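Undergrad: My structure is below; once you've seen it, I'll send some questions.
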Amino acid sequence: MSEPNYAGNIIVSLANLPEFLRKPILQKRLSEFFSMPEADKKEIISNALQAGPTIQFDRFATLFKTWLEVLCELTEEQRSTMFRAYIEEITCHPEKIISFNLDGILSVYLTLNEDQKTVISSTIRRIVGSLDGELKRRIGLLIPQRAREEIGI
């Protein structure tokens with residue numbers, strides 16, 4: 001990619017911020033995301049998947065948990081838009097998820113409270129359930145068994 005990864009740079013910067021700054025900035029960036037054209041959304045998702053594995057995992061885990069918590073505060077439609085965009089990018093480019101610590105990501109998800117886990121898992125189940133057979137098969141191959149069991153897919 002010849003263009004700078006601005007979204008990736010923002011993600012790295014957010015990961016290094018304290019909670020009291022990280023959460024409101026992340027909320028604002030997410031609200032901006034939903035008003036962007038589809039091409040920009042795809043680019044941001046692609047850049048985020050590229051930047052994620054470059055962040056030290058303890059910082060990434062903190063940022064990921066904040067992101068999940070903020071997503072729980074959004075509408076179902078917004079959450080679906082976000083997760084669907086990530087699922088589509090991952091199923092089209094599975095190599096982007098390989099560098100992630102998926103067991104660590106699952107452990108972050110498991111630290112959410114029960115209501116938050118229910119909100120996240122029901123959105124993901126609904127999206128995966130709506131995928132066509134081939135995409136559903138691909139996502140099933142990419143998500144570790146334990147995560148599929150925890151989420152219920």
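Undergrad: List nothing, just return the count: lysine pairs in segment 6-151, 8 or more apart or interchain, with Cα separation under 23 Å.
TA: Qualifying lysine pairs in segment 6-151: 18.
Undergrad: Quick one: what are the phi-derived ³J(HN,Hα) couplings along segment 140-153, Karplus 6.51/-1.76/1.60 with θ = phi - 60°, whole Hz, x for glycine and proline?
TA: Each residue of segment 140-153 in turn: x, 6, 7, 8, x, 3, 4, 5, 4, 5, 5, 7, x, 10 Hz.
Undergrad: For the chain, calculate the relative contact order in percent as a whole number, restricting contacts to Cα pairs under 8 Å that are 6 or more residues apart.
TA: Reported as a whole number, the value is 24 percent.
Undergrad: Subtract the Cα-Cα distance of residue 98 and residue 20 from 0.36 nm times their separation in residues, and report this length gain in nm to one decimal.
TA: Length gained between residue 98 and residue 20: 25.0 nm.
Undergrad: Can you give the Rg/Rh ratio of segment 6-151, where Rg is from the C-alpha atoms and Rh is the Kirkwood radius?
TA: Looking at segment 6-151, the ratio lands at 0.92.
Undergrad: Per-residue HN-Hα couplings for segment 12-20, Karplus 6.51 cos²θ - 1.76 cosθ + 1.60 at θ = phi - 60°, whole Hz, x for Gly and Pro?
TA: Each residue's phi maps through the Karplus curve to give 4, 5, 4, 4, 8, 7, x, 3, 5 Hz.
All of the numbers you see were taken from the coordinates with simple rules; none came from a lab. A quick note: this is a predicted structure, and the numbers were derived from the prediction, not measured.
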